[in-house]
Amino acid sequence: MQNSETVGSLAVGEPLPTVVAASEARASETAAMVAAVIEGERTAFDRMYRRFAPMVHGLLLARVPRDDVDDLVQDVFLQAYERLATLRDPRAFGGWLASIARNRANDFHRRKTDSEPVSPENLHAASTESVAEAAMALEKIRALPEAYRETLVLRLVEGLTGPEIAELTGLTPDSVRVNLHRGMKMLREQLGMEVSQ
């Protein structure tokens, strides 16, 4: 069943042209960065790292102990750099990089069977109480299904917006919105908070 209701010249539910144009521009910018890196331009890789590091950090933080995340972020970017020439669609770099990060986290767990839980002493916070609450919340997030876990860490820990998460991971904005909504609902339930409809 099609929605025939229109507002101006757009059907209800269609993305606005400026949003689509901005997304296309960012995809083209990413493709240009990929091409520049392949051609050996070091500053392009630095720009790429600054743009995508928060996403990689968040994806890894959702999966591995906090103490190991920074080293794994470096591993992911090294793997991406070494394999960049094999990327078929440079515009899909974000999703491709997210896959490398997920695979690296899986490899970490295969190699390290005695992983430790997040300890409050290792988290940076103002007080012991807030450190304990942050550690508990992170553990609850890590217990959620993968799609919710990743989007929540990217939003709550890394501070990315929904559109930024979509752009960097290759997910659609609607998928990110649904994952955030459902993930927050599940997290509130896990934390024993009242969920209002």
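Bear in mind that the values in this text are calculations on the coordinates, not laboratory data. All values reported here derive from a predicted model rather than from experimental measurement. Every residue, glycine as well, gets a Cβ built from its backbone with ideal geometry; the counts of neighbours run over all protein chains shown.
Among the residues of region 86-102 satisfying the criterion of being of a type in the set (Gly, Ala, Ser) and without any contact (Cβ under 8 Å) to a residue 60 or more places away in the chain, which is nearest to Asp75 (Cα to Cα)?
Step by step, filter region 86-102, then rank; the result is Ala101.
Considered as a group, the residues in region 28-66 that are small (Gly, Ala, Ser) and more than 16 Å from the chain's Cα centre (by Cα) include one that is nearest to Val76 (Cα to Cα), and that residue is Ala44.
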